[in-house]
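In what follows, a structure is listed as structure tokens, so that the remarks can point back to it.
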Amino acid sequence: MRKHATALFFAASVALTACSGDGEPKAGDSPPPSAAEIAYYDCLKEHGVKLTRTDYGAPRVDKDEPSAIKNLPAAQEACKDKVPPQDSPGEVDPGVLAAAREEARCLRAEGVSWYPDPDPATGTYPDGAVTSEQAAELRTKHTDAVRKCRQAKGRADGELGG
């Protein structure tokens, strides 16, 4: 159960932005939070984790708040019975997986030595692969590398969006 909660946290901390076809994030591109997701985050909040809301209203851990990160492990344990069900991953598109691997290789070549490879079975990143500090560093110190590596894999926009 903790794995799912950590996956939610990891996704929130690593996701740079959601992109539409024109390269600009749109609030409507993401689904609204489910009742189960809201209940889970309410539980985290009750256990001392500071939350923030995305543009589309979904609750997320406020990774910029040190107390949120400090209280997260205990809150995850206390709320493990409320972790929303996860969609079981389908077959990962080989092209998407190859592009994610190439982006990881490129970022490491550009000096982001800690950037992980995606999980070959799911196309996602392993729990704990990136700390909140590293995610913040990626958004602030490595923007040129992100743009370069995303252009190298064929993205014309070069934006930091996902």
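What number goes with the only condition from (1) under 15 Å from the mean Cα position of the chain (by Cα); (2) modelled with pLDDT of 70 or more that H47 does not pass?
Single failed check for H47: (1).
If I go through segment 84-120 residue by residue, how many of them are small (G, A, S) and either modelled with pLDDT under 80 or in contact with a strand residue (DSSP E or B) (Cβ under 6 Å, 6 or more places away or on another chain) (or both)?
First, pick out the residues of segment 84-120 that are small (G, A, S): 88, 90, 95, 98-100, 104, 109, 111, 113.
Keeping just the survivors that are either modelled with pLDDT under 80 or in contact with a strand residue (DSSP E or B) (Cβ under 6 Å, 6 or more places away or on another chain) (or both) gives 88, 90.
The qualifying residues number 2.
Taking E133 as the residue in question, decide whether it is more than 25 Å from E91 (Cα to Cα) and at pLDDT below 75. Spell out how you get there, then give the answer.
Numbers: more than 25 Å from E91 (Cα to Cα): yes; at pLDDT below 75: no.
Considered against the rule, which asks whether it is more than 25 Å from E91 (Cα to Cα) and at pLDDT below 75, E133 comes out as no.
Got a number for residues in segment 34-58 being of a type in the set (A, V, I, L, M) and out of contact with any strand residue (DSSP E or B) (no Cβ under 9 Å at 6 or more places or on another chain)?
Residues of segment 34-58 of a type in the set (A, V, I, L, M): 35-36, 38-39, 44, 49, 51, 58.
In the following step, the residues that additionally are out of contact with any strand residue (DSSP E or B) (no Cβ under 9 Å at 6 or more places or on another chain) were identified as 35-36, 39, 58.
Number satisfying all stated conditions: 4.
Given the condition of a type in the set (S, T, Y), under 29 Å from P32 (Cβ atoms) and under 18 Å from the mean Cα position of the chain (by Cα), answer yes or no: does some residue in segment 74-88 qualify?
Taking segment 74-88 as the starting set, the residues that turn out to be of a type in the set (S, T, Y) are 88.
Keeping just the survivors that are under 29 Å from P32 (Cβ atoms) gives 88.
Among the residues that remain, those that are also under 18 Å from the mean Cα position of the chain (by Cα) are: 88.
Yes, because at least one residue in segment 74-88 is of a type in the set (S, T, Y), under 29 Å from P32 (Cβ atoms) and under 18 Å from the mean Cα position of the chain (by Cα).
What about L44, is it touching a Phe, Trp or Tyr at 6+ places or on another chain (Cβ under 9 Å), free of Cβ contacts under 8 Å to residues at least 60 places away in the same chain, among the hydrophobic types (A, V, I, L, M, F, W, C) and open to solvent by less than 40 Å² (accessible area, probe 1.4 Å)? Don't jump to the end; show me each part of the working.
Numbers: touching a Phe, Trp or Tyr at 6+ places or on another chain (Cβ under 9 Å): no; free of Cβ contacts under 8 Å to residues at least 60 places away in the same chain: yes; among the hydrophobic types (A, V, I, L, M, F, W, C): yes; open to solvent by less than 40 Å² (accessible area, probe 1.4 Å): yes.
No.
Answer with yes or no whether P116 is without any contact (Cβ under 8 Å) to a residue 60 or more places away in the chain and within 24 Å of E137 (Cβ to Cβ).
Values: without any contact (Cβ under 8 Å) to a residue 60 or more places away in the chain: yes; within 24 Å of E137 (Cβ to Cβ): yes.
Against the criterion (without any contact (Cβ under 8 Å) to a residue 60 or more places away in the chain and within 24 Å of E137 (Cβ to Cβ)), P116 qualifies.
Which residue is modelled with the highest pLDDT, if the candidates are limited to segment 121-130 and must be hydrophobic (A, V, I, L, M, F, W, C) and under 12 Å from the mean Cα position of the chain (by Cα)? Before the answer, list the steps.
Let us first name the residues in segment 121-130 that are hydrophobic (A, V, I, L, M, F, W, C), namely 121, 129-130.
The next check asks that each one be under 12 Å from the mean Cα position of the chain (by Cα); those that pass are 129-130.
On the way: A129: 78, V130: 81.
Of everything passing the filter in segment 121-130, V130 is modelled with the highest pLDDT.
The values are calculated or read from the model by the stated rules, or taken from the named source; none is laboratory data. Keep in mind that this is a model prediction, so the values were computed, not measured. All Cβ positions, even for glycine, are placed from backbone atoms using ideal geometry, and neighbour counts span all protein chains on display. When the accessible area is computed, the model is the full protein with side chains, heavy atoms only, and any ligands, DNA or RNA have been set aside. Shrake-Rupley method; radii C 1.70, N 1.55, O 1.52, S 1.80 Å.
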